[in-house]
Amino acid sequence: MRLPVFRTLFAAALFSLALAPLSASLQAAEAFKMGVVDPQSVLEKSKAGKKALEGLKEYVSTRQKLLSRDEEDLRNYEKQLKEQAAKLSDAEKKEKEAQFRSKIQDYQRRAQEFNQELQGKQKELVDDYMKRIAAATQTVAEKSGFSLVVDKGSEQTIKIVIYSKDTIDLTEQVVKEFDRVNK
């Protein structure tokens, strides 16, 4: 008679041992919280980010005005060259055309330098703000008990997360933390 009871107890113990890892992993899964954040939105929505983006826009606008003015000067020079072409000797015409090509090359060089400078400023801004956004994200995640936060991505950047519930999107909380730290 004791044998069936022993078997039942042994089977129950084995079953409990088999469920122990599953139970532990279920508890770990409950403790594991994952969130997503959209750094591009943090940059665009935060006060400091908006200010930085406005500064970059202003820089671009100023440079664009300078390039537009150079472009207008080139058009005027070309117009004058065409108007004077009939009155100029072949040697003078070649000299003026050479000067015009030189001005075009100078303009193209300035435009290229501007683009390189702009790319450098953008990279500098993004690198700086990504560090700050990462710090704000870490603070929010630690306060809220998140084990992992993933870059959600956006239409402007690489989309990493295909789907996420709104309840795990920490972007607004990160914007608030970012604004609190970066006044």
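The values are calculated or read from the model by the stated rules, or taken from the named source; none is laboratory data. Everything quoted here is computed from the prediction, not taken from an experiment. As a convention, Cβ positions derive from the backbone with ideal geometry for all residues, glycine included, and neighbour counts pool all protein chains shown. SASA here: full protein model, heavy atoms, side chains in, ligands and nucleic acids out. Shrake-Rupley method; radii C 1.70, N 1.55, O 1.52, S 1.80 Å.
Residues in segment 130-165 that are assigned to a helix (DSSP H, G or I) and of a type in the set (Val, Ile, Thr) were compared, and the one that is surrounded by the most Cβ atoms within 10 Å (Cβ to Cβ) is Ile133. Please tell me if Ile168 is of a type in the set (A, V, I, L, M), open to solvent by less than 70 Å² (accessible area, probe 1.4 Å) and under 30 Å from Val37 (Cα atoms). Yes; evaluated as a whole, the condition is true for this residue. Scanning segment 113-129 for residues that are open to solvent by less than 60 Å² (accessible area, probe 1.4 Å) and either more than 16 Å from Val42 (Cβ to Cβ) or part of a loop (DSSP other than H, G, I, E, B) (or both) yields Phe114, Leu118, Gly120.
Within segment 153-179, residues that are under 20 Å from Gly49 (Cα atoms) and modelled with pLDDT under 90 sit with their Cβ atoms under 8 Å from residues that are open to solvent by 70 Å² or more (accessible area, probe 1.4 Å) and outside any helix (DSSP H, G or I), at 6+ positions apart or across chains, in these pairs: Gly153/Lys159; Gly153/Ile160. If only residues of segment 77-96 that are more than 47 Å from the chain's Cα centre (by Cα) and surrounded by 10 or more Cβ atoms within 10 Å (Cβ to Cβ) are counted, the one that is farthest from Tyr107 (Cα to Cα) is Leu88. Across segment 132-152, which residue is modelled with the lowest pLDDT among those that are under 16 Å from Leu43 (Cβ atoms) and not aliphatic (A, V, I, L, M)? The residue in question is Lys152. So in segment 36-47, with the set limited to residues that are hydrophobic (A, V, I, L, M, F, W, C) and out of contact with any Gly (no Cβ under 7 Å at 6 or more places or on another chain), which one is surrounded by the fewest Cβ atoms within 10 Å (Cβ to Cβ)? Here the residue is Val36.
Of all residues in segment 48-76, those being open to solvent by 100 Å² or more (accessible area, probe 1.4 Å), of a type in the set (Lys, Arg) and under 23 Å from the mean Cα position of the chain (by Cα) number 3.
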